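Chemist: Sharing a structure here in structure tokens format.
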Amino acid sequence: MAKFKNLIFIVLLVALFIEVLIVFPKKLEKESESEPAPTAVESTQKPELNPDGTEKAKSAVAEQKMKGVHLVESQKGNRDWELFSEAAEGSQESGNWKVLKVRVLFYNKEKIEFTVTGDEGSIDYKTKDMTIRGNVTTKSTNGYVFNTPSITYSATTRQIVSPETVNMTGPKDSSGQGMALTGGRMTSFIDTTKMVIDKGVRAKKPMQDGKTFAVAADAAEFNGRNNQAKFRGTVQMSYDQMKLEGPEATFLYQKGMDLLTSVSINGGVKVSDVDKFATSESVNLDLLANKYTFKGRPKVVQNADELSGEEIIFLDGGKRVRVEKVRAKMEKKSE
């Protein structure tokens with residue numbers, strides 16, 4: 001009986017040996033062959049997150065490059081600006097676009113008020129603000145031309161600003177060449193078509209008779225709908241042999257004509273020429289009639305003689321003087 005039990009044990013041990021050495025490896029091999037190979041490897045790069053912790057969506061195109069670009073921006077149903085560029089690159093994801101050889105038309109009530117050209121520029125996709133740099137020229141509809149190194153445009157204020165040196169040329173008129181002006185900063189208000197130059201303004205206006213107005217002022221203001229020019233601050237002006245000084249001067253053009261007809265100085269004026277000195281609240285230079293009218297406590301001093309009255313008029317360019325309601329103070333001569 002004991003021998004029979006030993007025989008059974010040996011048979012079971014042999015069967016186990018066969019299972020381990022022969023059957024199990026083959027089964028393992030078949031299972032390995034039937035198992036699909038891995039198709040992807042998990043990335044070790046961390047995803048870019050938003051401030052709230054969520055993963056940022058990946059842009060299909062990180063950056064775009066285009067040629068022959070034409071963009072139109074509108075506000076409240078009306079065109080704000082229209083841009084033409086030879087080339088552009090950027091993306092909506094970054095919010096910035098760079099443009100080359102750019103021309104921008106700025107509109108007011110569907111009417112072009114200013115045209116700006118430059119070598120290159122940048123546009124903020126979100127705010128619609130822009131900067132233009134390199135040989136920048138700004139032109140108003142009525143012919144004012146401003147050359148600056150750069151300009152910026154604010155879509156919120158609708159203003160074109162150049163914080164650098166400005167060289168301006170005014171439109172030509174019947175009395176001569178347009179006004180030439182330099183200043184330290186320019187601001188153009190698109191909705192009112194007003195153009196303001198400040199910081200050390202210097203201007204010259206040639207006249208047809210060969211004379212020239214030369215002006216120095218703190219600021220100058222022009223309008224896109226007419227040729228009128230205003231100077232403010234400490235205004236110093238010379239014309240022929242006459243020098244004028246006051247806080248405000250206006251160059252007035254005849255309505256409906258490109259003709260400079262008069263220059264008005266207001267707010268307390270000092271005038272001098274070769275042999276006279278005058279003061280008054282205002283002076284009007286009538287260029288067509290060649291007469292100068294002083295109003296508001298006018299007083300003229302020539303040599304030691306003093307004239308005053310309600311109104312003093314210089315005729316023939318100052319060669320003759322007419323006084324309304326004269327009050328004279330003459331030098332007493334010794335007998």
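Chemist: Identify the residue in segment 120-140 that is in a strand (DSSP E or B) and of a type in the set (Asp, Glu) and, among all such residues, is surrounded by the fewest Cβ atoms within 10 Å (Cβ to Cβ).
Modeler: Per the criteria, the residue is 124.
Chemist: From the list 230, 205, which residue is part of a strand (DSSP E or B) and touching a Gly at 6+ places or on another chain (Cβ under 9 Å)? Steps first, answer last, please.
Modeler: Working: 230 fails: touching a Gly at 6+ places or on another chain (Cβ under 9 Å).
Being part of a strand (DSSP E or B) and touching a Gly at 6+ places or on another chain (Cβ under 9 Å) holds for just one of 230, 205, which is 205.
Chemist: Taking interchain pairs and intrachain pairs at least six residues apart, which have beta carbon atoms under 9 angstrom, with the first residue in segment 240-252 and farther than 14 Å from residue 222 by Cα and touching a residue at least 60 places away in the same chain (Cβ under 8 Å) and the second surrounded by fewer than 17 Cβ atoms within 10 Å (Cβ to Cβ) and of a type in the set (Ser, Thr, Tyr)?
Modeler: Short answer, once both residue conditions are applied: 240/212; 242/272.
Chemist: Write out, first by first residue and then by second, each pair whose Cβ atoms fall under 9 Å of each other, whose residues are 6+ apart or on separate chains, and whose first residue, in segment 273-294, is free of Cβ contacts under 8 Å to residues at least 12 places away in the same chain while the second is of a type in the set (A, V, I, L, M).
Modeler: Matching pairs, first to second residue: 289/315.
Chemist: So which strands (runs of 3 or more DSSP E) stay within segment 59-119 end to end and still have 3 or more residues that are among the aliphatic types (A, V, I, L, M) and closer than 24 Å to residue 142 by Cβ?
Modeler: 96-108
Chemist: Give the number of residues within segment 61-85 that are over 12 Å from residue 110 (Cα atoms) and aromatic (Phe, Trp, Tyr).
Modeler: Number satisfying all stated conditions: 1.
Chemist: Can you find even one residue in segment 248-259 that is of a type in the set (D, E, K, R) and either over 29 Å from residue 165 (Cα atoms) or at pLDDT 90 or above (or both)?
Modeler: Pass one, segment 248-259, residues of a type in the set (D, E, K, R): 248, 255, 258.
Next cut, either over 29 Å from residue 165 (Cα atoms) or at pLDDT 90 or above (or both) only: 248, 255.
Looking through segment 248-259, at least one residue is of a type in the set (D, E, K, R) and either over 29 Å from residue 165 (Cα atoms) or at pLDDT 90 or above (or both).
Chemist: Moving on to the next point. Please indicate, with yes or no, whether at least one residue in segment 164-181 is assigned to a strand (DSSP E or B), hydroxyl-bearing (Ser, Thr, Tyr) and within 14 Å of residue 114 (Cβ to Cβ).
Modeler: Taking every residue of segment 164-181 in turn, none turns out to be assigned to a strand (DSSP E or B), hydroxyl-bearing (Ser, Thr, Tyr) and within 14 Å of residue 114 (Cβ to Cβ).
Chemist: Return the residue satisfying two criteria in turn: it lies in segment 162-186 and is of a type in the set (A, V, I, L, M) and crowded, with 16+ Cβ neighbours inside 10 Å, and of such residues it is farthest from the chain's Cα centre (by Cα).
Modeler: The selected residue is 179.
Chemist: Let me ask something else about it. I need every pair where a residue in segment 143-168 that is among the basic types (Lys, Arg) has its Cβ under 8 Å from the Cβ of a residue that is in a strand (DSSP E or B), sequence separation at least 6 or different chains.
Modeler: Close Cβ pairs (under 8 Å, with a partner that is in a strand (DSSP E or B)) amount to 158/80; 158/189.
Chemist: Filter segment 121-168 down to residues that are over 28 Å from residue 76 (Cα atoms) and among the charged types (D, E, K, R) and give me whichever is modelled with the lowest pLDDT.
Modeler: 164
Chemist: Mind checking which residues of segment 208-227 are farther than 25 Å from residue 112 by Cβ and assigned to a strand (DSSP E or B)? Let's see the steps before the verdict.
Modeler: Here is the first cut: in segment 208-227, the ones farther than 25 Å from residue 112 by Cβ are 208-219.
The answer is 212, 213, 214, 215, 216, 217, 218, 219.
Chemist: Select from segment 194-223 the residues that are buried (at least 20 other Cβ atoms within 10 Å of the Cβ) and under 27 Å from residue 106 (Cα atoms) and list them in ascending order.
Modeler: If the condition is that a residue be buried (at least 20 other Cβ atoms within 10 Å of the Cβ) and under 27 Å from residue 106 (Cα atoms), then 195, 197, 201, 203, 220, 222 are the ones that fit.
Chemist: Continuing with the same structure: For segment 88-119, name all the residues that are under 23 Å from residue 76 (Cα atoms), charged (D, E, K, R) and surrounded by fewer than 15 Cβ atoms within 10 Å (Cβ to Cβ).
Modeler: Listed by number, the residues that qualify are 109, 110, 111.
Chemist: Which numbered condition trips up residue 232, out of (1) surrounded by 15 or more Cβ atoms within 10 Å (Cβ to Cβ); (2) touching a residue at least 40 places away in the same chain (Cβ under 8 Å); (3) not β-branched (Val, Ile, Thr)?
Modeler: All conditions are met except number (2).
Chemist: Given the residues 310, 306, 281, which is the only one that is of a type outside the set (S, T, N, Q), exposed (fewer than 15 other Cβ atoms within 10 Å of the Cβ) and farther than 27 Å from residue 173 by Cβ?
Modeler: Unique residue meeting the criteria: 310.
Chemist: Being among the small types (Gly, Ala, Ser), within 19 Å of the chain's Cα centre (by Cα) and at pLDDT 95 or above narrows it down to one residue among 203, 214, 219; which is it?
Modeler: Exactly one of 203, 214, 219 is among the small types (Gly, Ala, Ser), within 19 Å of the chain's Cα centre (by Cα) and at pLDDT 95 or above, namely 219.
Chemist: Filter segment 276-327 for residues that are assigned to a loop (DSSP other than H, G, I, E, B) and under 24 Å from residue 207 (Cα atoms); which is farthest from the chain's Cα centre (by Cα)?
Modeler: Going through the qualifying residues, I end up with 319.
The values are calculated or read from the model by the stated rules, or taken from the named source; none is laboratory data. Predicted model, so just to flag it, every value in this text is computed and none were measured. Cβ atoms come from the backbone with ideal geometry, glycine included; neighbour counts cover every protein chain shown.
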